[in-house]
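S.K.: Structure incoming, see below.
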Amino acid sequence: MWDEARAAARVAAESPAALLERLAGIAPQAATAARPLPSPRTSLARTVLAVDDESTVLALARDILEMHGYRVLTARNGEEALRVFRDRSDEIDLVLLDLTMPVMGGRDCFKHLKEIDPRVRVLVSSGFSAEGTASELMGEGALAYVQKPYDVDALARIVRQAIEQDPSLVTRSG
């Protein structure tokens, strides 16, 4: 029953979103039934600032989030993230922030983001064991920790939950 030509035609005709879902082990029909995806109407207006010094990780985060309907701005270090956030904070719904970067790391960037806007929504991420730093920043108002390498479904779910969270819960008393 396996027809190589039919399989090649399917892959060629497959959308990038369906391909990523299939590669992540999620059947497109099952994905829709198993978890609600952000509707294009609500998520297109939602913007995530993804910050990471590794270009492949930044591209993966951008692709995953765009696949789920988000607009994505990118920055390659903390200083660049602060410039983008200052210029476009009215558009940014969430910041996905790597903890370990040159120029300005995630911890310092997080503190500056909070000074600019105490209600900024931030997810922290790392590919290294950063439990102490992540826990500390979550105690200061970061919403969640996302382990790298990113899992397609987990990243989309955590971003959606962070964006949907009641904004009054973002600011924590110190």
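The values are calculated or read from the model by the stated rules, or taken from the named source; none is laboratory data. Note that this is a predicted model, so its numbers are computed, not measured. Note: ideal-geometry Cβ built from the backbone for every residue, glycine included; neighbour counts use all protein chains shown. Accessible surface is based on the protein model in full, side chains and every heavy atom, while ligands, DNA and RNA are left aside. Shrake-Rupley method; radii C 1.70, N 1.55, O 1.52, S 1.80 Å.
S.K.: Taking the highest mean first, how do the peptides 99-106, 118-125 order by number of other beta carbon atoms within 10 angstrom per residue?
M.R.: My ranking of the peptides, most packed first, is 118-125, 99-106.
S.K.: Per the 1.4 Å probe, what fraction of the accessible area of the stretch 43-146, in percent, lies on carbon and sulfur atoms?
M.R.: The value for the stretch 43-146 is 46 percent carbon and sulfur by accessible area.
S.K.: Could you work out how far apart the two model spin labels at residue 66 and residue 147 are, taking each label as a point 7 Å from the Cα in the direction of the beta carbon, and quote it in nm?
M.R.: So the label points at residue 66 and residue 147 sit 2.8 nm apart.
S.K.: Any idea of the accessible area per residue across the stretch 48-136, 1.4 Å probe, to the nearest Å²?
M.R.: So the stretch 48-136 comes to 44 Å² accessible per residue, rounded to a whole number.
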